[in-house]
Amino acid sequence: MKVLVASALILVGSCATLRHSEKIEQLKESISYDNKSVVEKYLNTITTDELKLYVEEVSSEKYNGRMTGEEGHNEVCNYIRRYYDSLGIKPPKTHPDYFQKVPKSVLPDELNDSQNVIAYIEGSEFPDEYIYITAHSDHEGVKEGEIYPGADDNGSGTAAVFEMAEAFKKAVEDGNGPKRSIVFLHVTGEEVGLHGSRYYTNNPIFPIEDTVSTLNIDMIGRVDSRHKDNEDYVYVIGADRISTELHFVVQEANYNFVNLELDYEFNAENDHNRYYYRSDHYNFATKGIPVVFFFNGEHEDYTKPTDTADKINYPLLAKRTKLIFATAWYLANAPERLKPEII
Ligand SMILES: [Zn+2]
């Protein structure tokens, strides 16, 4: 009797496992790029020279470390909106100056009003479905007379979003624009507690239920101590928490276009660093939106006045930006909207 029960259990277990693995295989097979050469054409517009220009600008001393609510940060937000305006990428109709005010009432005590900067490209087939590409624009300001330039944190992310926006805009001009809408969102108040993204997700400009996915970038221009011998990597965090499909979309994008090592070390539920909870994607995740966070890990200049533009690894920043662009491209053009379900 005992033996019989045990074998019945094993049978049930193996059937369940088989069905699961079949589902995963089906899912993986369903994710593919129809026309790789078209994607590559726009990937090639992402260049180290332009990324360098943007990182240098954002981290330059004139912005005084971009503290939320201070003049330097307001100025960098002006620079960001001028960038989109110059490319002809529009603001949301409800926010014609590209700014969503984030009032001081939702910010820590001593800070002034601030703003998120938002631009978007309307999708050609499913304009009411939105893919977000996000990066925080603020940093730590000036402390004890020293400017914190935040070239990696998050000049690298800001530059990456710029380059992706330009690539999508070129695709639009060629008649290859995204089928779904792409929102370029530069949030404020990250360093002081993820406030800009929290405010945005509580006061969304486009409906939360129409949000397909959020790709968040916070520090992708450097190499951490775990990867001194293999710098071609990026940490991928959170992609499988809400959508198994998103996890495999990132892998397919990587396999087809860049071949970085996708490091899932910090994706573990019990990771003591808790990075999943520590950048802006998390506020989207709390609304049930599939998110993925791209990150290079901490390094010796993290949150120090020495996080400068000359230390950024620009070829690597370009590769990581291409991975995120290829992921966004798939999500924007896939025949069906990404499913927020765990398999
Ligand atoms: Zn950051």
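The values are calculated or read from the model by the stated rules, or taken from the named source; none is laboratory data. Everything numeric here is computed off the predicted structure, so don't read it as measured data. Neighbour counts run over all protein chains shown; Cβ positions are idealised from the backbone, glycine included.
Determine whether TYR132 is part of a helix (DSSP H, G or I) and either under 13 Å from VAL161 (Cβ atoms) or at pLDDT below 95 (or both). Can you show your working first?
Values: part of a helix (DSSP H, G or I): no; either under 13 Å from VAL161 (Cβ atoms) or at pLDDT below 95 (or both): yes.
So TYR132 does not fit the description; no.
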Q: Kindly state which helices (runs of 4 or more DSSP H) lie completely within region 1-72 and contain at least 3 residues that are modelled with pLDDT under 95 and surrounded by 10 or more Cβ atoms within 10 Å (Cβ to Cβ).
A: 2-30
Q | The lone exception for VAL172 - which of (1) assigned to a helix (DSSP H, G or I); (2) of a type in the set (Val, Ile, Thr); (3) within 16 Å of the ligand (Cβ to nearest atom) it fails | A | (3)
Q) Just a yes or no: is a residue in region 220-231 farther than 30 Å from ASN35 by Cα and within 16 Å of the ligand (Cβ to nearest atom)? A) yes
Q: Hey, can you tell me all the residues within region 129-143 that are under 30 Å from VAL212 (Cβ atoms) and either within 13 Å of the ligand (Cβ to nearest atom) or buried (at least 24 other Cβ atoms within 10 Å of the Cβ) (or both)?
A: TYR130, ILE131, TYR132, ILE133, THR134, ALA135, HIS136, SER137, ASP138, HIS139
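Regarding GLY193, is this residue within 16 Å of the ligand (Cβ to nearest atom), surrounded by fewer than 22 Cβ atoms within 10 Å (Cβ to Cβ) and on the phi > 0 side of the Ramachandran plot?
On the way: within 16 Å of the ligand (Cβ to nearest atom): yes; surrounded by fewer than 22 Cβ atoms within 10 Å (Cβ to Cβ): yes; on the phi > 0 side of the Ramachandran plot: yes.
So GLY193 passes the test.
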(Q) Tell me yes or no: at least one residue of region 235-257 is buried (at least 19 other Cβ atoms within 10 Å of the Cβ), of a type in the set (A, V, I, L, M, F, W, C), part of a strand (DSSP E or B) and under 18 Å from the mean Cα position of the chain (by Cα). (A) yes
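Results for (1) within 11 Å of the ligand (Cβ to nearest atom); (2) of a type in the set (Val, Ile, Thr); (3) touching a residue at least 40 places away in the same chain (Cβ under 8 Å); (4) surrounded by fewer than 24 Cβ atoms within 10 Å (Cβ to Cβ), shown as yes or no for each residue.
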position	(1), (2), (3), (4)
GLY145	no, no, no, yes
THR158	yes, yes, yes, no
VAL161	no, yes, yes, no
PRO178	no, no, yes, yes
ARG198	no, no, yes, yes
Q | Pairs with Cβ under 7 Å, 6+ apart, first in region 203-216 and more than 21 Å from PHE162 (Cα to Cα), second assigned to a strand (DSSP E or B) | A | ASP210/ASP128; ASP210/GLU129; ASP210/TYR130
(Q) Which pairs turn up if I take residues in region 280-305 that are over 25 Å from ALA318 (Cα atoms) and look for partners that are surrounded by 24 or more Cβ atoms within 10 Å (Cβ to Cβ) with beta carbon separation below 6 Å, at least 6 apart in sequence or on another chain? (A) ASN283/SER197; PHE284/THR214; PHE284/VAL291; ALA285/VAL291; ILE289/THR214
(Q) Could you check region 250-306 and list, in sequence order, the residues that are aromatic (Phe, Trp, Tyr) and closer than 30 Å to GLU29 by Cβ? (A) TYR255, PHE257, TYR264, PHE266, TYR276, PHE284, PHE293, PHE294, PHE295
Q) What residue, among those in region 200-219 that are within 16 Å of the ligand (Cβ to nearest atom) and assigned to a strand (DSSP E or B), is nearest to PHE126 (Cα to Cα)? A) THR214
